[in-house]
Structures are given as C-alpha cells and as structure tokens.
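The values are calculated or read from the model by the stated rules, or taken from the named source; none is laboratory data. Here the structure is a predicted model, which is why all the values come from computation and not from measurement. Please note: Cβ atoms are built from the backbone with ideal geometry, for glycine as well, and neighbour counts cover all protein chains shown. Heads up: the accessible areas ignore ligands, DNA and RNA and are worked out on the full protein's heavy atoms, side chains in. Shrake-Rupley method; radii C 1.70, N 1.55, O 1.52, S 1.80 Å.
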Amino acid sequence: MLKPRLKLGELLLKQNKITQEQLDKSLAFQKEKGCKLGEALIQLEAVTEQEIASALADQLNILYADAEKGLLRPNMHQGLEKLISEDYARGHIVLPLSRHGQSVTVAMADPLDLLCVDDLMKMTGCDINVAVSCASDLEKAIENFYSSKDLQMKDIEEEFILMDVDKDKGSSQSQVDVRDIFSETEAAPIVKFVDLILREAVESGASDIHIEHFEDRVSLRYRVDGMLYEASPPDPKLYVAIISRLKILSRMDIAERRLPQDAGFSIASDGKVVDVRVSTIPTIFGEKMVMRLLDPTKLPLDFGKLGFDPRDREIIEREIKRPYGMIYVTGPTGSGKSTTLYTILSSLRSPKKNIMTVEDPVEYKLDGINQVQVRPMIGLTFSNTLRSFLRQDPDVLMVGEVRDLETAQMCIRAALTGHLVLSTLHTNDAPTAVTRLMDMGLEPFLLVSSLRLIIAQRLVRRLCPRCKKLANKELDVRYKNMKLGDSEVYEAKGCEDCRFTGYRGRVGIYELLEINEEIRNMVYYRKSSDEIRKRAIEIGMRSLYHSGVEKMKQGLTSLEEVLAVTVAE
C-alpha cells in the first residue's frame, strides 16, 4: 500500500526547517494573499528558495537540481537548445538538462505545472522527466546556457568572417589558391577554433569528433560513451579553413579533396599526450572528417575492468597459456576488440617472450612489445609483415585484422608452426567467425588444427552508480521472459556526475566459443554457424545477450543498452 504523501508544510516541519508558529503565519498569509505556501514561506523569510525547492523534490520524489552542486549544467552535446527554444525557456523558467533516448530531463521552478509539462512533451516529442530548482538559480542557468554557451566560438567566427570580407575586397579571382587556403588556416581565429574543438572533446571524454558539410549547414558531433551528440556547429564559411588546418596538423595534402586520406597528430592536454587519428572522405557537399582520440591513460589493460567475469577470465587465461594456436576477437568497429587484444598482450608480456604485432594503425604503444604499422603504399602489408615476423623468432604474434585470404593463410601457418597468433574479424557473433574464415577460402581441416578460442564482444554503457534507479520489473513486459529471478535491475536517471545522461563509461559483454572436440567435428563437416551456435550454447557457451543480462543483474547496465547491441533470445 502506498504511503500518503506529506504536505509541504508538514515536510518542512519534519525536517526542522520551520516551526509550527512560522507555518501557521504562512498559512494565514497564503489565505490572505492567495499565493502558494512556498511563496508565503519565502516572503515571510521563514525559508530560502533553495530549501523550498529541496523540500518539493523530497515531497514529489524527483531530482533537486542544485546549482551549487553543478546540477544545473545542461549536457552541451545533445542539441538541447534546439529542443526547447530560448523564448519558451525564459518565459516559463524551464531548462533542458539532458536527453536519453526519447526522454528529456527538464529543470522547472514549478514542477506541478502540468500544462507546461504537456507543452514540453508536444514541443520535444519526448517524455519529460521533471527536476526542480529555485527560480533565481534557473534564470541564471538559462542565461548562461542560451547566451554564453557558444560566445567564445561566435567571437572567433566573427573575427574570421571580418578578415575574410576585408580580404575579398578588390579580389577578382574565381579559383581558390592553395596559398590562400594555407594563409587562412594559419590565421589566429582558425587556430583558436580548432584548439577549442579539440579541447572540448578531450574535456568531455569524447572518443571521436565528426565534422561534416551538408547542402546548407555544417555538423559537429562528439561521440561520448559510444553515443554521438551534436555540438553547436561552426559557420559554414569556416568549414574549408577548419578542415585545412586539421590537414596541416596531420601532414595531409591540403590540396587533395577528391580522395580519402588518413593520418594523425598528437596534442597535449592536462599534462598527458592524446593521439588523434584523422580520416577524410570526399562527399558531394565537401570533405567529411572524423578524428579518433586515443588517450593512453584510459587504456584499462585489466580483464576485470573490461567486464570479463571470473569464468571468462579462466577460459582466456587457459587458452593464452598454450604455446600455439589461433585466438580471434570479433565484433563491429568500435566494440573494443583492440583493447581486449592489448590486455591479452599485456598479460603475456615477459622478458622470456618475443611478442610482435602488425597493426593498421598502431593505436597504443606497449612497452616491451615490437609493434609495426602497415604501409600498403610501400608494400608493407599484413601478409608481407607476417612473413618477415616468422624470421624474427617470435613467440606471440598479433595481427590487427584479417582482411583477405593471404593474411588468413599466413596466420594459420604461423599457428601451425608453434606460434600463438591473436587477431580480429568483423562478424556479429563468435560462431559466424568460423564460417567467415571458410568463406575467405580456408579449408576446414586447417581451421580445426589451429583454432583455439573465438571471443565476440560488444560495449554497453555503464549505469551511473550515483543516480541509477530501480526498474519496475512487474510493469515492463520486456522483463518477463528474462529469468531474472529475485535480482534487482536498474535503469538510467541522470545526475551531475554523468552529465544527466544516466550513464558513465562503458563495459564489455562477451561470448566465448571454445573450440573443443565436438565443435571441431562440426567445423570439419562444414556445419552452419546456426548449428554451431545452438550446440555451443547447449554445452555451456553464454551468448552476448545472456552476458548482457548478467551485467543487468549486477546493476552495471540497463535493459535498453543490452537490447541496443544484442538480439533477445
């Protein structure tokens, strides 16, 4: 049975914020003036605005967005200013804080204003999670968010555009000169703008930056914890200069806009060096650039931190101790395959072992391990490098990716001649890796002789430990067939620590296919991946979906995250 909700005055009395005498005076004042009790208490100086807002949060069981604790800082990369207009926010004293899927968290001075909530639902097309804050704090936060959020970028844009207008006066050239592009990229406004974009990405913990040009606009997005968030884009007039500046930093050809290019550079931030991998492709409206930020200080190199449970760790540690064989890690781009391989290499690292890797590109530098980056332009390919490795007396080899039959054959040959070989494939699950290798042209008898273990993986966002809330398993039909038992499961809420997204960081879910005698026979007789999967699960393999469910039971992630990257079983 639900407990009756305390009235605001009773709650303040219980919290010893006011006395009975103050409450009586405020009730009389409320009746006389026809105002709300909270307003009466504030006008009689019995409590502060902040105390009323905090009490309302307790009364309604909602978040109190305390400005002093930094909870009135909206997420800067979700395009919230486009969801709720500045005029509406100022007129109704509401501030969007974050967006998670089809749910928007909004701070309001009056959380009981249902008409306003209904307007916001229609305006955003999303469900509204209401937080409460005092009006004076909200007005300041609204001013900062809508007026000062992009002030620095706007100043830089205006400075560059004024320079551009002055330069164009008296100019009759219709073609763009490379020398003009170079001079623009070295101009102070563009240097500042690029530095600002990179600094903001590092500070927000972004893994990638996407800059792209469409027909009449420019898009700037940051990928944080696997999700892309829109940031305020630069003026389209700056686009070519920004791309050219980044090309110069990466030592690319700034005059080449017709072909894709790949390169990179490093930046210093807070006493650490962050590597930036840069890739460009030509599109119909201009070049699209993606930058991947690689921060060595964020590389876990620990099976537990990556999300492997004791059972999975035992299997991996047993297989990597074998003197020879093939171990594959599979999954889509950005699923953490390289990090898993680096962790395995780190655990194998020893003065007694000669460990060599060939990668494209080398993402992180590991001490005590010989790492080679492929350069196809000069003939330094995966297969050619592997041939050279075999003459270097290696114990462990790591191949960044098996892309073709020649590389796959070299890996098999190395595994069959007494080397432990690690590599990656792009497949949806572990059993599919077997059929993918056979599709490349490898014979089954070679596979069964060399394959030891296949690890499929995905990354799901971790629930913020500070604000995660219990999910109601009884009301949500999606939980009914999940065999959760008495386990408590949680869902995202949002707080200062997680920038109101409800998530903070990511954790892996895994599917480990051990190549035992029974699976070898199925591979040898070319059984389908579905048949291999069915039998593997029967004899103990845990699928990606069930690994995700285990993470839910541990309170690490939510149902939405698991269903976003796996297929329900």
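Ignoring ligands, DNA and RNA, please state the percent of accessible area on region 194-265 from carbon and sulfur, probe 1.4 Å.
48
Here the label points at Lys140 and Ile378, each 7 Å from Cα along the C-beta direction, are separated by 5.9 nm in the simple model.
For the chain, the Cys residues with no second cysteine's beta carbon closer than 4.7 Å are Cys35, Cys116, Cys126, Cys134, Cys411.
Just need the relative contact order of the chain here, percent rounded to a whole number, with Cα pairs under 8 Å and 6+ apart.
10
Given charges of +1 on the Cβ of Lys and Arg and -1 on the Cβ of Asp and Glu, with all other atoms neutral, how large is the dipole of the chain about its Cα centre, in debye to the nearest 20?
2080
When the Cα gyration tensor is reduced to axis lengths a ≥ b ≥ c, the ratio a/c is 1.5 or higher for region 411-483, and with a/b above b/c it is classed as prolate.
Note on the chain: dipole from Cβ charges, positive end direction compared against Ile532, Ser219, Ile254; the farthest Cα belongs to Ile532.
Measuring nothing but alpha carbons in region 471-537 and taking Rh as the Kirkwood radius, the Rg to Rh ratio lands at 1.20. Quote the Stokes-Einstein diffusion coefficient, in whole µm² s⁻¹, for region 189-243, based on the Kirkwood radius over alpha carbon pairs, a temperature of 10 °C and a viscosity of 1.306 mPa s. Reported coefficient: 138 µm²/s.
Summarising the label geometry, the points placed 7 Å from Cα in the beta-carbon direction at Asp127 and Lys272 lie 3.5 nm from one another. Where q = 0.06, 0.10, 0.12 Å⁻¹, what log10 of I(q)/I(0) comes from the Debye formula for the chain, counting one point per Cα? With one equal scatterer per Cα and no solvent, log10 I(q)/I(0) is -0.42, -1.00, -1.23. Just to be sure I understand the curve: with the Debye formula and one point per C-alpha of region 5-125, what is log10 I(q)/I(0) at q = 0.09, 0.19 Å⁻¹? Relative scattering, expressed as log10 I(q)/I(0), comes to -0.31, -1.05. Extents of region 425-569, largest first, come to 55, 29, 18 Å (Cα atoms, principal axes, whole angstrom). The residues of the chain expose on average 50 square angstrom of accessible surface per residue, using a 1.4 Å probe on protein heavy atoms.
Placing one equal scatterer on every Cα of region 302-461 and applying the Debye formula, the log10 ratio I(q)/I(0) at q = 0.09 Å⁻¹ is -0.26. The residue list Val489, Cys467, Val477 was ranked by how far each Cα lies along the charge dipole of region 452-494 toward its positive end, using unit charges on Cβ atoms, and Cys467 comes out on top. The stretch between Asp253 and Asn516, if pulled fully straight at 0.36 nm per residue, gains 89.6 nm over its current Cα-Cα span. Between Phe445 and Arg535, the modelled labels are 1.9 nm apart [label points 7 Å from Cα along Cα→Cβ].
The Kirkwood hydrodynamic radius of region 25-91, based on inverse pair distances between different Cα atoms, is 14.4 Å. Fully extending the segment from Val477 to Leu405, taken as 0.36 nm per residue of separation minus the present Cα-Cα distance, adds 21.3 nm. When each of the peptides 289-298, 394-403 is scored by the mean number of other C-beta atoms lying within 10 Å of its residues, the order from highest to lowest reads 394-403, 289-298. If you wrap the Cα atoms of region 294-386 in a convex hull and average its projected area over all directions, you get 7.1 nm².
A straight Cα-to-Cα reach below 21 Å connects Lys352 with the lysines Lys321, Lys365, residues fewer than 8 places away in its own chain not being considered. Using every pair of distinct Cα positions in region 195-341, the Kirkwood expression returns a hydrodynamic radius of 17.6 angstrom.
Of the residues Val396, Ile209, Ala141, the one whose Cα sits farthest towards the positive end of the charge dipole of the chain is Val396 (charges of +1 on Lys and Arg Cβ, -1 on Asp and Glu Cβ, taken about the Cα centre).
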